[in-house]
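See structure below.
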Amino acid sequence: MDIETFAHIVAHDMKAPLNGIASMVDFVVEDYGDRLDDEGREQLRLIQQMAVRGVAMVDGLRRFSRVASAEMHPRPLDLAAMASRAIVRSAALVPEATVQAHVAPLPAVLGDPALVPDVLDALCANAVLFHTGTVRDVTVAPLDAPAAACPGGQVAIGITDTGIGIDAKFHDAVFEMFKRLHAPYAFGGGVGAGLAVARAIVERHGGRLWVAASSPAGSTLAFTLPAAPAEA
């Protein structure tokens with residue numbers, strides 16, 4: 001049994017009871033809510049919240065496993081257009097904030113059009129969510145990376161935010177599956193799968209994904225992808 005088939009079976013078999021728990025909580029609240037005190041209703045809300053989070057973790061595991069076995073179909077990609085769309089999608093995650101996009105002209109890259117957008121979605125979502133201000137800037141631009149980080153034939157792209165930053169001791173840990181540095185439901189309440197999946201996709205393309213810079217005033221996450229041929 002290959003890993004994707006295994007992950008599909010696990011995801012299906014685990015999601016069903018978790019979704020069932022969440023639905024049953026709805027039924028209990030609807031039918032018996034008037035008999036519960038505030039503490040009882042809060043406990044039911046927490047049960048439902050944990051069930052929904054479990055479903056999200058199962059989905060993240062399945063996405064991660066798919067990357068390892070996905071058949072690659074690289075072609076020249078308009079990374080700037082993809083980044084602009086990713087920022088728009090990410091801005092919808094924080095309707096209470098104003099997200100300002102700054103997308104510089106980007107070199108064409110070779111990538112799988114079904115996978116690379118997930119990288120940009122994860123990095124842009126990270127840029128807008130881990131922030132405490134009402135105005136959140138996201139800048140996507142070519143990065144002048146050292147040769148060790150960007151070998152010949154690849155280009156480096158940086159996504160810079162104005163958020164809370166990432167402590168240097170966590171620069172590797174943030175890319176681990178289900179690793180969160182904050183309380184479970186803080187900063188959007190994700191399960192810590194996005195950056196792990198993004199790194200797996202970049203590595204499938206022969207590139208790297210890393211924290212290029214960070215301070216309390218913001219971070220730059222960088223990745224490399226193969227450069228598209230000049231004629232493309």
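The values are calculated or read from the model by the stated rules, or taken from the named source; none is laboratory data. The structure presented is a predicted model; accordingly, all values stated were derived computationally and were not measured. When we count neighbours, we look across all protein chains shown, and the Cβ atoms used for this are built from the backbone with ideal geometry, even at glycine. Ligands, DNA and RNA are excluded from the accessible area calculation, which covers all protein heavy atoms including side chains. Shrake-Rupley method; radii C 1.70, N 1.55, O 1.52, S 1.80 Å.
Sorting 155-166, 91-102 by average packing, meaning the other beta carbons within 10 Å per residue, from highest down gives 155-166, 91-102. Shown in residue order for the stretch 116-125 are the 3J(HN,Hα) couplings computed by the Karplus curve 6.51 cos²θ - 1.76 cosθ + 1.60 at θ = phi - 60°: 4, x, 5, 5, 5, 4, 5, 6, 6, 4 Hz (x for Gly and Pro). Centre-to-centre, using Cα atoms only, the stretch 37-64 and the stretch 185-222 are separated by 24 Å.
Let me have the relative contact order for the stretch 16-76, percent, based on Cα pairs under 8 Å that are six or more residues apart. Numbers along the way, then the final one.
Numbers: 21 pairs, mean separation 26.4, N = 61.
Dividing the mean separation by the residue count of the stretch 16-76 yields 43 percent.
Loop-resident GluC sites (Glu not before Pro) (DSSP state other than H, G, I, E or B) in the stretch 132-232 with no more than 16 further Cβ atoms inside 10 Å of their Cβ: E176, E231.
The residues of the chain expose on average 52 square angstrom of accessible surface per residue, using a 1.4 Å probe on protein heavy atoms.
In this structure, the amide hydrogen of R136, modeled 1.01 Å from its nitrogen in the peptide plane, lies closer than 5 angstrom to those of T98, V99, Q100, counting only residues at least 5 positions away or on a different chain.
Hey, could you grab the Kirkwood Rh for the chain? Inverse mean 1/r over distinct alpha carbon pairs, Å, one decimal.
Across the chain, the inverse of the average 1/r is 19.2 Å.
Of the chymotrypsin sites (Phe, Trp or Tyr not before Pro) found in the stretch 151-232, those in coil by DSSP whose Cβ has at most 15 other Cβ atoms within 10 Å are F178, Y185. ³J(HN,Hα) across the stretch 69-81 via Karplus (A = 6.51, B = -1.76, C = 1.60, θ = phi - 60°), whole Hz, x for Gly/Pro? Rounded to whole hertz, the list is 10, 5, 6, 8, 10, x, 8, x, 10, 8, 5, 5, 5.
Relative to the longest principal axis of the chain, what angle (0 to 90°, nearest 10) does the C-alpha long axis of helix 194-204 take? Helix 194-204 and the main axis of the chain meet at about 40 degrees.
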